[in-house]
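Below: the structure, in structure tokens.
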Amino acid sequence: MRDKLIKQLDLTGYIERFEGLLARPKPLFIEGDRSLHFRFIRALEEVEFKAPPKVRDCKDMWMRLGKQAVLGLEEIYEVVKIVRYFMYLKNLRIENVLGEWLAQIEIPAPIVDLSKMFDAKGNLEEHVDERLASLKAAKRQNREAIRQTLSRMLNSAKLSPYLVDRQIHYVNDEEALLVRGGFNHVMKATVIGRTTAGFFYVIPESIAKLKEKEAGIVSRLEEVYYDIAKKTSRMLGEWLKFLKFIDAAFDRFDHYQARMQMARLEDLNFVMPDRGEAIRLADFAHPALSHPRPVSIDFTKDVLMITGVNAGGKTMLLKSILAAAWLSKYLLPMKCDAKKTYIGSFKKIEAIIEDPQNVRNDISTFAGRMREFSRLFSQSHVLVGVDEIELGTDSDEAASLFKVMIEELVKRHVKIVITTHHKRLAAMMAGNERVELVAAVYDEKNQVPTYTFLQGIIGKSYAFETAERYGVPRNIVQKARVEYGEDKERLNELIERSSTLERELHEKRRQLEHRIEALEREKARYKELNDTLESELYAKKRELEAIYAEATKQVRMALKAKDEKSIHRQLNRAHKTVQKAKIEAPKRLESFAVGDRVKYRKNRGTIIALKAKEATIEVEGIKMRVPLSELKRSGNPPKAPKKKTVSVTLERSKATAGVKLDLHGLRAEEAIEKLDKFISDALLAGFDEVLVYHGIGTRKLAHAVRTFLKEHPSVKGFHDAPPHMGGFGATVVEL
């Protein structure tokens, strides 16, 4: 049944390629927790590994070991291959859920020792048994003796007249010489064959004796091999449970690695079956198509009815939906946008596609279809695909019958994909909220199918247009149009008009989505640019703070100086320090967009991606990431409305800011006004400490000054000046 569905869905080639990646044949289904298997497969994405060796099915070996049978050395080597591969995997030190699973597999010491008994080609190492080394050495010496003996004979002057050629011939795996009649006068030999030309294949008597000796050596070797196999089989029988466990683990990993290799080789993605029965495909490509047009379809309802143009891909859409669900069910990779694809879980997937007519069973097309449908009423949670649903009977009668049958199957949780050319059934089902209509789109202008689909409408079959396209005379097609009837043709026109409006709406929506995507990219780019500028601003602020800290330090040193010259000298130094704090306006980057032609140094290319301060451009097929500041437009720049620029200039006060203010003799109002301006100038100059003289007198002026300072937002604090700077008659203000 599985093979039949694979053939119906055109997945035979895909499955053959997949099974070629397995270490040994096995069912496609992985027994156990599917979500856990999915995690293991995804964990394998992070690992670079070599494929497992090809191994034979070991179930018969385990059964014979259980009966204390002796395995052959070639069978024992199959066990060694499995053990060695797990030792290799464990040495990879994988750090994820897969690594945790491998770490739990502890290989017993006797099994590890077994893996050291064979070389990479499956031959026993000589250290396994001391007899092996001597017997193999004897065999090699005997072979060399045979070679040298034959060589002497071929170069013998006595035998030369009887030799047909100077080659060693192999007859039934026996070394022989090709000689003429009369050879027995110079050499004793046994004839083992004869040519049509009358020549003889012979084995010299000396060679026969050496071969007899070799046979004795081989016999003794076989005895040693049997002894080793017997001892090893006894040991394997003691570890039979472990061998069955690691054999099952090997099959499990084989499932994972073959799927991962398939995904890597063909650039495929995995989609885990989810709860529910909804199906949403995004850019799915059927594996059987060499140049597929990706399919995106929303099949969240219970029934999907596909109508429209002949040869427009309706059947392939049906097969694509069923194939995607089947691949997901078996955790096999597929070509799709995995992030946007959603596939529900189904107990079974069935395809009613082929014509069931069978002369041998005396069954008609429609009767066969009814038999296939009757089986569905006893099932639930099944995904079914039905191609050409009204096949084999009157379409009007079939429409009523199938409408009732479909509605009943839906109640039994059967999800159905249907293709049909007949609009009656589609029209009858259109009002059902559980039914989704999809139409294959036809290009009226070029009169060809587009192999694309629109949801929500009934498609016209374009039978007349297809007939004309494939060479049916136009006058015959015109007669058919008349017979078809004007009222039905008007219905087709309405269907086509609806399809056209739907296509236009679809195209506008697609363009709008592209614009939204472009705006989102631009928004992300400006956010990145804003973050970059904020970082630069923060760094510049720290730099300015350091400069102003140095300047104010020099000012404080000036305040502490006793003579006027020293004060002016320190103030001049502070002024020079402040001059270093120049803020340059950032370079305005020219506005570019993806697709713009640009010049970078001597290269001309096209922008294919943009970031805040860099762009990716393509130059003669080579992609480069370059700074935006080094790009220039190549060709005509895009027209854009001129934008008004606003510049802000900060000018320093022409009046020189001082660090001392004398308020003697002023009324309180005048003093406060002068003090306010003095503090503002000091703040602009970057001073963090100034001195205000107000005298002692009646203390009114001092009180007014200190009241003002308490309320000033930029004043951090104030206190009486030291005795040498005015004492109680002056106040030191901290800004």
Query - Top-ranked residue in region 358-375 [being at pLDDT below 80 and within 46 Å of the chain's Cα centre (by Cα); ranked as nearest to residue 416 (Cα to Cα)] - result: 369
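Could you grab me the full set of residues in region 412-430 that are part of a loop (DSSP other than H, G, I, E, B), at pLDDT below 80 and within 21 Å of residue 279 (Cα to Cα)? It would help to see each step written out before you state the result.
Step one: filter region 412-430 for residues part of a loop (DSSP other than H, G, I, E, B), giving 412-413, 420-422, 430.
From what's left, at pLDDT below 80: 421-422, 430.
Matches in region 412-430: 430 only.
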Query raised in the report: Do we find a residue being at pLDDT below 65, surrounded by 12 or more Cβ atoms within 10 Å (Cβ to Cβ) and part of a loop (DSSP other than H, G, I, E, B) anywhere in region 559-577?
Result: yes
Query raised in the report: Is it the case that some residue within region 220-239 is of a type in the set (Ser, Thr, Tyr) and free of Cβ contacts under 8 Å to residues at least 12 places away in the same chain?
Result: no
Report task. Would you confirm whether any residue within region 43-50 is buried (at least 19 other Cβ atoms within 10 Å of the Cβ), touching a Leu at 6+ places or on another chain (Cβ under 7 Å) and without any contact (Cβ under 8 Å) to a residue 60 or more places away in the chain? Result -> yes
Query raised in the report: Got at least one residue in region 295-308 being more than 21 Å from residue 381 (Cβ to Cβ), part of a loop (DSSP other than H, G, I, E, B) and out of contact with any Leu (no Cβ under 9 Å at 6 or more places or on another chain)?
Result: no
Query - Criterion: of a type in the set (Gly, Ala, Ser) and surrounded by fewer than 18 Cβ atoms within 10 Å (Cβ to Cβ) - qualifying residue of 296, 320 - result: 296
Report task. Select from region 594-628 the residues that are outside any strand (DSSP E or B) and modelled with pLDDT under 80 and write down the one among them that is nearest to residue 531 (Cα to Cα). Result -> 612
Requested in this report: Confirm whether residue 103 is of a type in the set (A, V, I, L, M) and either over 30 Å from residue 255 (Cα atoms) or surrounded by 14 or more Cβ atoms within 10 Å (Cβ to Cβ) (or both).
Outcome: no
Query raised in the report: Looking at residue 123, is it on the phi < 0 side of the Ramachandran plot, at pLDDT 90 or above and polar (S, T, N, Q)?
Result: yes
Query raised in the report: Can you name every residue in region 114-138 that is over 40 Å from the mean Cα position of the chain (by Cα) and free of Cβ contacts under 8 Å to residues at least 60 places away in the same chain?
Result: 123, 125, 126, 127, 130, 133, 134, 137
Query - Filter result for the condition that a residue is surrounded by 11 or more Cβ atoms within 10 Å (Cβ to Cβ), closer than 27 Å to residue 226 by Cα, in contact with a Lys or Arg (Cβ under 8 Å, 6 or more places away or on another chain) and of a type in the set (A, V, I, L, M, F, W, C), over 79, 55 - result: 55
Report task. For residue 288, state whether it is of a type in the set (A, V, I, L, M), outside any strand (DSSP E or B) and not assigned by TED's automatic domain parsing to the domain that holds residue 16. Result -> yes
Requested in this report: Could you identify the single residue in 178, 210 that is buried (at least 17 other Cβ atoms within 10 Å of the Cβ), touching a residue at least 60 places away in the same chain (Cβ under 8 Å) and over 60 Å from the mean Cα position of the chain (by Cα)?
Outcome: 210
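The values are calculated or read from the model by the stated rules, or taken from the named source; none is laboratory data. From a predicted model like this one, the values you see are computed outputs, not experimental measurements. Backbone-built Cβ (ideal geometry, glycine too); neighbour counts: all protein chains shown.
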